[in-house]
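The values are calculated or read from the model by the stated rules, or taken from the named source; none is laboratory data. Owing to the predicted nature of the structure, the values given are computational and were not obtained by experimental measurement. Neighbour counts run over all protein chains shown; Cβ positions are idealised from the backbone, glycine included. Just the protein is used for accessible areas: all its heavy atoms, side chains included, with ligands, DNA and RNA removed. Shrake-Rupley method; radii C 1.70, N 1.55, O 1.52, S 1.80 Å.
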Amino acid sequence: WPRLFKQVQPQDNYEWAAATLTNAKKLDPEVLTKSGIMLGLGETMEEVKQVMRDQREWGVDILTVGQYLQPSKNHLPMERYYTPDEFEEIKEFGLSIGFKWVESGTLVRSSYHAANQVRALSVVHRKLYGEN
């Protein structure tokens, strides 16, 4: 996956992402951390699962996984379209390795059901607003 990271996010660095997410959790363990990945640019399922394992090691609580769709001819071409069953497999794997919430599907984006995730999981939210 890091082999694709630089191609997709040339201004970023996989190690920077790791440091940012890890340090966010260290600063306040009760704060929810969230990350997202897009699929369909040539990664293997094992690479996807390794990135998911990496993100759990970094303390990520919530993961969104969506299908990359080429927005224009000037963007990277889509290499592969994932099936609903594959997205479900990814979700189940994510929950099995400890993510508190996984949104996984073709049209899932980083903000997908974000309010529901926070209400369901956030200790801070419960402290501020009660159990509702």
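Pull out the extension gain between residue 69 and residue 107, defined as 0.36 nm times the separation in residues minus the alpha carbon to alpha carbon distance; nm, one decimal. If you can, show how the numbers build up before the last one.
Numbers: separation 38, 0.36 × 38 = 13.68 nm, distance 0.92 nm.
So the extension gain works out to 12.8 nm.
Sorted by accessible area (1.4 Å probe), largest first, how do 32, 69 line up? Please report the intermediate quantities before stating the final value.
On the way: 32 40, 69 75 Å².
In descending accessible area the options line up as 69, 32.
Would you check the accessible area of residue 95, probe 1.4 Å, heavy atoms only, in square angstrom rounded to 10?
80 Å²
What is the list of residues in the stretch 33-50 whose amide nitrogen lies under 18 Å from a point 7 angstrom out from the Cα of residue 78, following Cα to Cβ?
Counting only backbone N, you get 37-45.
For the stretch 17-111, which whole-number percentage of the solvent-accessible area (1.4 Å probe, protein heavy atoms only) is attributable to carbon and sulfur atoms?
Numbers: 2770 of 5030 Å².
Carbon and sulfur atoms account for 55 percent of the accessible area of the stretch 17-111.
Rounded, prolate or oblate for the stretch 11-103? Axes are the square roots of the Cα gyration tensor eigenvalues, ordered a ≥ b ≥ c, and the cut-off for rounded is a/c under 1.5.
Oblate shape, in that a/c is at least 1.5 and b/c is the bigger or equal ratio.
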